[in-house]
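Reviewing the structure listed below.
The values are calculated or read from the model by the stated rules, or taken from the named source; none is laboratory data. These numbers were taken from a predicted model, which means no experiment stands behind them. All Cβ positions, even for glycine, are placed from backbone atoms using ideal geometry, and neighbour counts span all protein chains on display.
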Amino acid sequence: MKVLRPGRRARRRTVALAAIACSTALVLAACSSGGSSTQNTGGGGGTGNAKNSSITIFNGSTGTITENFNPFMSGTALQPTLGVIYEPLYYYNLAEKSDPQPLLATGYKWNDKGTELTITTREGVKWSDGQPFTAKDVAFTFNLINKTPALNTTGLAATAKAVDDTHAVLTFKENSFTQEPSVLGNQAIVPEHIWKDIKDPTKDPNVKPVGTGPYQLKSFSAQSYSLEKNPSYWESGKPQIQEIRYIALDSADAASAALTAGQVDWMSSYLPGLDQLLKGHKELSYVNTPALTTSIFTCSSTELGCKGPQTDPAVRQAMYYAMDRTQLNKLAGGGFAGEASPTLLLPDRDKDWIADSANVTAPQTADTAKANALLDAAGWTKGSDGIREKDGQKLSMTIQTVTGWSDYISINDTLKQQFKAVGIDLKPTQLAWNEWNANETQGKYQLSLDSIGLGASSNPYFTYQGKYNSANTAKVGDSAAAGNFARYKNATVDAALEAAGATNDEATQKAEYAKVQTEIIKDMPYVPIYINSTLTEFNNSRATGWPTDDDKYAFAATWKAWDNGIVLKNLTPAK
Amino acid sequence: MKTLARRIGFYVIAFWAAVSLNFLIPRLMPGNPVDIMLSKLAQHGPVTPATRHSIELLLGADSSQSLWSQYVSYLGQLVHGDLGVSVSLYPTPVSTVIAQTLPWTIGLIGISTVISFVLGVGLGTFAGWKRGSWLDSLIPVTTMFQSIPYFWLALILLYLFGSVWMISPLNGGYDVYTTSPGWNAPFVGSVISHGILPAATIVVSSIGGWMLGMRNMMVSTLAEDYIVTAEAKGLRPGRIMRTYAARNAVLPSVAGFAISLGFVVAGSIVTEAVFSYPGIGSALLNAVNANDYALMQGIFLVITLSVLGANLLVDLLYAVIDPRTRQRG
């Protein structure tokens, strides 16, 4: 950290005071020359010196920060709780195709029926208070979840038992292969010797977190908190950065100013004109990891109460072919978006899961002839105003998005033009986030622009189960918060997903997913547009070793749980 | 005494109405906290029907409770000073969030409102006293600054002073890198240097009103007979300006000042958003975005209390400084 010498600090303040005096006297111009000579240090993010290296992270927190390091509250706990302070058994890298990497466990084994999971825990791991970590802690963690429904976010129904210090056995009531990623990769393990005395784990903010992760809490205030290196971390030689500071900023403007001023080392914000912004700053770099597929969600099922032309699969198909994705990427995606797949998987990472190679990516240019043919065949005829109609119903649909989401708003405006060419009338509306979200979960919309989130692992099951299984939907008016907002109902898909979930044999799963893919490409309840960019900006002057396009060893975004810990422990102080 | 009792009775009713509206308005907004939290979780990881169940249990969101029984328990909690638990910052109590943020807002917005008032009234007094001087030409300039949308003015000044000339910090309430909160010199100094620019934007954008109002009141007061009398008695001009003219002219401004003090809490959202200042305004903004009823209600209550309190203060103060107001009734 740069410490200001007293003389300099005093000078800086007088200059600031002088500036205020000037501005109140409203002779701004006369003051301007005085200020430029003083350099702002702004505190700086830290130094690259190995002994007291420190970096600063902005992870999207705004306003005041309240203390909460309870690893069971994935929604409200402070973000480094998961992955940086507490660790899971395995790490699932969703940025590329890879096997789970062992963290607190070194092995796991299912019985054939998928009802018993034996976990071998790592030896030589210590909690940050010096106590040894054993399989008993693993068993305690899963039993705690099992007996506290409010903490059970994954629907886990397993009792656990530690056989000895390095082996824990989880027993499930039924075949539970699909629970594997949430057990191994999405559950922080907590120390039994501390949590057995916590009276109400659903209300405790856990202000003195004791974990196994690479960092431990150093200090906390409502505007910023910092973590320091865990000296007894099990992986030798890691981490190398001594201290990490988290700060809160209220807007993208503030974040972009802090980045260029060198006050932030790691942040994930979409900054307009990024290349231009970084031009004068050699120390800054960014990585783009497109991961969330921006799609038109359609309220697709008349049976469940959806109304409007989008309930006709031909209309959804026509939209898929009528859009010019290259133009959309240029106008709305800033050219950073990746190519989406009609299977809703990520083409780069999940290529092996896509059965038909023709379905790896969606067409990048508009095929109006095909879209017109589809609509003609379905009986939609062009009226005098160029808009198609069928049985007196106009092919006119409203599409909702959130006020202020400028890229989504421009997608809608561009689509309106593109769809007009095939006789579809699109009516974009902008709503407050709350209303938009309520409409989607309750099915009170025709079309909605949204994105498909990341699953628990890169296995397509987690995307397909949530978005397409009719078990996860509800009638229009009821909440389908589990994810099937499109009100999609298809018996073939449901059966295939059940079969895929009952096995952990990838070849069988692949065959089942092929059936799902055939159905969803035919029905198209979610019309993919592109894979939205996730831009993450780095400052390389204090630390190096950030994920790059060539080396995606972790998902780089600052908001991604678990991956944060992996990135931080792999950083090295800049020379 | 009768006047006082009646005034206080009025404030009690106004307070009850405000509290009831506080309760009702957030519930008329679309969406519910459980769905919102789920959708936010879904952006970052998998969500299953079980997740919904666990969040409902966690937040204690019992949707089956009737609005009336919610209202009764809300009033009951208020009486005990319990503002509930924030949903978006679960399990932090609302009172903690308010206690964390309110001092920053009162410090920044309160002090700059006082500065703006004192400076504006002072300059207005001189402008009215010496009509036609250079101070008069200051008035159009200050009113121009007042008419520029505040967020724009603040953004421009932040860009110039923070990013281009680099003489002012870019964000935050203090230097989080090198100081730690407490009563130590570096921290206090850092708070002051971080507060100067936001405070200056507030002063610049609000001083015009005070100045113009005070100048015009001075002008009309100076035309009063008692000023002529005072001049005829041969009093010193300085004494006439302060004790005779300004003292009478300042009365309407005092009322306006008290009201604006009441709005200190409410009027800070934009300032805090632009400067990433950790005050109650940004907490309110986050609460609205997250449908955090409990936090919203808590903050609205603070706003209501401060506005009502300021009004009561003016009422009482006026009865003291201006005897005419307690004549009737």
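Do the conditions hold for A:Gln216, that is, is it crowded, with 18+ Cβ neighbours inside 10 Å and within 14 Å of A:Lys126 (Cα to Cα)?
Numbers: crowded, with 18+ Cβ neighbours inside 10 Å: yes; within 14 Å of A:Lys126 (Cα to Cα): yes.
Considered against the rule, which asks whether it is crowded, with 18+ Cβ neighbours inside 10 Å and within 14 Å of A:Lys126 (Cα to Cα), A:Gln216 comes out as yes.
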Looking only at region A:448-480, and only at residues there that are within 17 Å of the chain's Cα centre (by Cα) and part of a loop (DSSP other than H, G, I, E, B), the one that is farthest from A:Ala554 (Cα to Cα): A:Pro460
Flag for A:Val207 being under 25 Å from A:Ser533 (Cα atoms), β-branched (Val, Ile, Thr), within 14 Å of another protein chain (Cβ to nearest Cβ) and touching a residue at least 12 places away in the same chain (Cβ under 8 Å): no
Single match in A:Lys136, A:Lys113, A:Lys109, A:Lys97 (criterion: among the basic types (Lys, Arg) and assigned to a strand (DSSP E or B)): A:Lys109
Sole exception among (1) away from chain B (no Cβ under 11 Å); (2) in a strand (DSSP E or B) for A:His193, by number: (2)
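What residue, of A:Thr503, A:Thr508, A:Thr473, is in the same structural domain as A:Ala438 (by TED's automatic domain parsing) and within 18 Å of A:Ser451 (Cα to Cα)? First the steps, then the outcome.
Details: A:Thr503 fails: within 18 Å of A:Ser451 (Cα to Cα); A:Thr508 fails: within 18 Å of A:Ser451 (Cα to Cα).
On inspection, the qualifying residue turns out to be A:Thr473.
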Sole exception among (1) crowded, with 22+ Cβ neighbours inside 10 Å; (2) in a strand (DSSP E or B); (3) not basic (Lys, Arg) for A:Gln187, by number: (2)
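Rundown of residues vs (1) of a type in the set (A, V, I, L, M); (2) within 15 Å of B:Ser276 (Cα to Cα); (3) in contact with a helix residue (DSSP H, G or I) (Cβ under 9 Å, 6 or more places away or on another chain), yes/no style:
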{"residue": "B:Asp136", "(1), (2), (3)": "no, no, yes"}
{"residue": "B:Met144", "(1), (2), (3)": "yes, no, yes"}
{"residue": "B:Leu160", "(1), (2), (3)": "yes, no, yes"}
{"residue": "B:Leu170", "(1), (2), (3)": "yes, yes, yes"}
{"residue": "B:Tyr174", "(1), (2), (3)": "no, yes, yes"}
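Within the group B:Ile139, B:Ile106, B:Ile111, B:Ile156, which residue is aliphatic (A, V, I, L, M), part of a helix (DSSP H, G or I), more than 29 Å from B:Val254 (Cα to Cα) and more than 10 Å from chain A (Cβ to nearest Cβ)? If you could, list the steps in order and put the result at the bottom.
Values: B:Ile139 fails: more than 29 Å from B:Val254 (Cα to Cα); B:Ile106 fails: more than 29 Å from B:Val254 (Cα to Cα); B:Ile111 fails: more than 29 Å from B:Val254 (Cα to Cα).
Just a single option satisfies the conditions, and that option is B:Ile156.
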Residues of region A:450-485 satisfying the condition of being of a type in the set (Gly, Ala, Ser), more than 8 Å from chain B (Cβ to nearest Cβ), closer than 24 Å to A:Gln317 by Cβ and crowded, with 21+ Cβ neighbours inside 10 Å: A:Ala480
Check on A:Tyr526, in contact (Cβ under 8 Å) with a residue 40 or more places away in the chain and in the same structural domain as A:Asn329 (by TED's automatic domain parsing): yes
Helices (runs of 4 or more DSSP H) (entirely within region A:239-348) containing at least 3 residues that are more than 14 Å from chain B (Cβ to nearest Cβ), out of contact with any His (no Cβ under 9 Å at 6 or more places or on another chain) and modelled with pLDDT of 90 or more: A:313-322, A:325-331
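Answer yes or no: is there a residue in region B:143-151 that is on the phi < 0 side of the Ramachandran plot and facing chain A (nearest Cβ under 7 Å).
Our first condition is that a residue be on the phi < 0 side of the Ramachandran plot; within region B:143-151, this holds for B:143-151.
Next cut, facing chain A (nearest Cβ under 7 Å) only: none.
For region B:143-151, residues on the phi < 0 side of the Ramachandran plot and facing chain A (nearest Cβ under 7 Å): absent.
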Checking B:Ser163 against (1) small (Gly, Ala, Ser); (2) closer than 17 Å to B:Glu272 by Cβ; (3) at the interface with another protein chain (Cβ under 9 Å from one of its Cβ atoms), the condition it does not meet: (2)
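Got at least one residue in region A:548-556 being within 29 Å of A:Leu374 (Cα to Cα) and assigned to a loop (DSSP other than H, G, I, E, B)?
Residues of region A:548-556 within 29 Å of A:Leu374 (Cα to Cα): none.
There is no residue in region A:548-556 that is within 29 Å of A:Leu374 (Cα to Cα) and assigned to a loop (DSSP other than H, G, I, E, B).
Taking the residues in region A:406-449 that are without any contact (Cβ under 8 Å) to a residue 24 or more places away in the chain and surrounded by fewer than 21 Cβ atoms within 10 Å (Cβ to Cβ) as candidates, determine which candidate is nearest to the other protein chains (Cβ to nearest Cβ).
First, pick out the residues of region A:406-449 that are without any contact (Cβ under 8 Å) to a residue 24 or more places away in the chain: A:406, A:409, A:413, A:416-417, A:434-435, A:437-438.
Now restrict to residues that are surrounded by fewer than 21 Cβ atoms within 10 Å (Cβ to Cβ): A:406, A:409, A:413, A:416-417, A:435.
On the way: A:Ser406: 17, A:Ile409: 18, A:Asp413: 24, A:Lys416: 25, A:Gln417: 29, A:Glu435: 4 Å.
Filtering first and then ranking leaves A:Glu435.
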Subset tally (residues that are without any contact (Cβ under 8 Å) to a residue 40 or more places away in the chain, among the basic types (Lys, Arg) and part of a helix (DSSP H, G or I)) for region B:214-241: 2
Close pairs (6 angstrom Cβ cut-off, 6 or more residues apart or separate chains): at the interface with chain A (Cβ under 7 Å from one of its Cβ atoms) in region B:175-186, among the β-branched types (Val, Ile, Thr) and surrounded by 11 or more Cβ atoms within 10 Å (Cβ to Cβ) anywhere: B:Val176/A:Ile247
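Just name the residue that is surrounded by the most Cβ atoms within 10 Å (Cβ to Cβ) out of those in region B:286-317 that are not in a helix (DSSP H, G or I) and not polar (S, T, N, Q). Give the derivation first.
Start the filter on region B:286-317 by keeping residues that are not in a helix (DSSP H, G or I), which leaves B:290-292.
If we keep only those that are not polar (S, T, N, Q) as well, we get B:290, B:292.
Numbers: B:Ala290: 22, B:Asp292: 28.
By that ranking, first place goes to B:Asp292.
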Single residue of region A:343-385 satisfying the filter (in contact (Cβ under 8 Å) with a residue 24 or more places away in the chain and exposed (fewer than 12 other Cβ atoms within 10 Å of the Cβ)) that is nearest to the chain's Cα centre (by Cα): A:Asp352
